[in-house]
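Taking it in order: structure first as structure tokens, then the write-up.
The values are calculated or read from the model by the stated rules, or taken from the named source; none is laboratory data. Because the structure is predicted, anything quoted here is derived from the model rather than measured. Please note: Cβ atoms are built from the backbone with ideal geometry, for glycine as well, and neighbour counts cover all protein chains shown. Side chains are part of the model used for accessible areas, which takes the heavy atoms of the whole protein and leaves out ligands, DNA and RNA. Shrake-Rupley method; radii C 1.70, N 1.55, O 1.52, S 1.80 Å.
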Amino acid sequence: MPEATPGAVTEREIRSQPATWKQTLQIASPPAAAADGANLLVTGCGSTFYVARWLARHVEHDLRVPVRSLPASELLLDRASWTSAPEQTPLLAISRSGATSETVRVLQDWPGQRLSVTCDARSDLAAQAATRVDLDHAAEESVVQTRSFTSMMLGALSLFRPVPDGVSEAIEEAGARMLADADRLVEDVLASGRPERIVVLGSGPRYGLACEAALKLTEVALVEAQAFHTLEVRHGPMSMIGAGTLVIGLLDGDEPLERKVLADMADLGARTVTVATRHDVAGADLAASSALPDGWRDVLALPFVQLLGLAMARDEQLDPDRPENLTAVVTLDA
């Protein structure tokens, strides 16, 4: 039998996202009464910590209560330093497998309200939660997270916001268009050669997505990739910007200060790419094809980076389905 194309599983899962997003939003339950008038903690590990980081900004804005995102390891090692009243603090734990050791242990020992988002309804994490979002249809064969990440974004947000009418169909259509446009942009970016390093910039909730984008490129393509708050790149990190650097800006509007950062990076010799989750951002290299509600449209920021990592890996004869030194689930021995 002919050998399977390297990254075939990862690619299939990347391209399945629009249909998976639609299904996620169609099965979403009414928002839970989580964090009503109380502090909220959101936790995860690796990619799911970046879901938590993204979600916290949106939920804090919606509920007008303090929301903190933390890696589960921080709560496992020293819970007392992060909250003095855990019994009064809801904890939302996010894990693709529902089996990540740190996340499971933190939730099972949590004395307050427990919530979970997983892609396995039969997992230990889901069993510990009184309020849960189970996204089994978004589970993956691949080691790296792609459709699970974006689907968990939507599932987690649905705990706190009702899904707007018509958005499940609109997001499927916009996602399909974004993937097609992303294919063309990836080809254009790599036509001039493999970047030596990649910097991903994002402000507000998009900083969490920038972190995930940099992680994905590192995991899949073994490229040096870092994430920064957009304006923070001037405060030291731009010392490494120059020819050979690709700077990706994740935008959700036409903020002049963010635009100026990208222009400055181009002046230093970097190739810049702007990915806009809104449809009305003039001059974006890649933008949503139609208007979608705030928060829900953020998933559109990820397909380009996922496809870029896939293409770069294949160029280097790497197999994204079998990334170096990684497993799908991290478990602790002790």
key: Pairs with Cβ under 7 Å, 6+ apart, first in the stretch 4-33 and more than 16 Å from Phe149 (Cβ to Cβ) and assigned to a helix (DSSP H, G or I), second aliphatic (A, V, I, L, M) and at pLDDT 95 or above   = Lys22/Ile171
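Matching residues to (1) open to solvent by less than 30 Å² (accessible area, probe 1.4 Å); (2) within 30 Å of Met240 (Cα to Cα); (3) over 20 Å from the mean Cα position of the chain (by Cα):
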residue	(1), (2), (3)
Asp124	no, no, yes
Glu140	no, no, no
Arg147	no, no, no
Ala174	yes, no, no
Ile198	yes, yes, no
Ala210	yes, yes, no
Lys216	yes, yes, no
request  = Output the residues belonging to the stretch 218-235 that are over 20 Å from the mean Cα position of the chain (by Cα) and aromatic (Phe, Trp, Tyr).
outcome  = none
query = Within the stretch 88-101, is even one residue charged (D, E, K, R), in a helix (DSSP H, G or I) and either touching a residue at least 40 places away in the same chain (Cβ under 8 Å) or open to solvent by 10 Å² or more (accessible area, probe 1.4 Å) (or both)?
reply = no
request  = Check the stretch 10-20 and report whether any residue there is closer than 18 Å to Val133 by Cβ, open to solvent by less than 60 Å² (accessible area, probe 1.4 Å) and at pLDDT below 95.
outcome  = no
ask   = Taking Pro323 and the conditions (1) out of contact with any Ser or Thr (no Cβ under 8 Å at 6 or more places or on another chain); (2) part of a helix (DSSP H, G or I); (3) surrounded by 14 or more Cβ atoms within 10 Å (Cβ to Cβ), which numbered condition does it fall short on, given that it satisfies the others?
value = (2)
key: Residue list for the stretch 263-280, restricted to those being within 19 Å of Leu302 (Cβ to Cβ) and either open to solvent by 10 Å² or more (accessible area, probe 1.4 Å) or in contact with a helix residue (DSSP H, G or I) (Cβ under 7 Å, 6 or more places away or on another chain) (or both)   = Thr272, Val273, Thr274, Val275, Thr277, Arg278, His279
request  = Look at the stretch 206-250 and say how many of its residues are in a strand (DSSP E or B) and out of contact with any helix residue (DSSP H, G or I) (no Cβ under 6 Å at 6 or more places or on another chain).
outcome  = 4
message = Looking at the structure I just gave you, is Gly295 at negative phi, of a type outside the set (D, E, K, R) and surrounded by 19 or more Cβ atoms within 10 Å (Cβ to Cβ)?
response = no
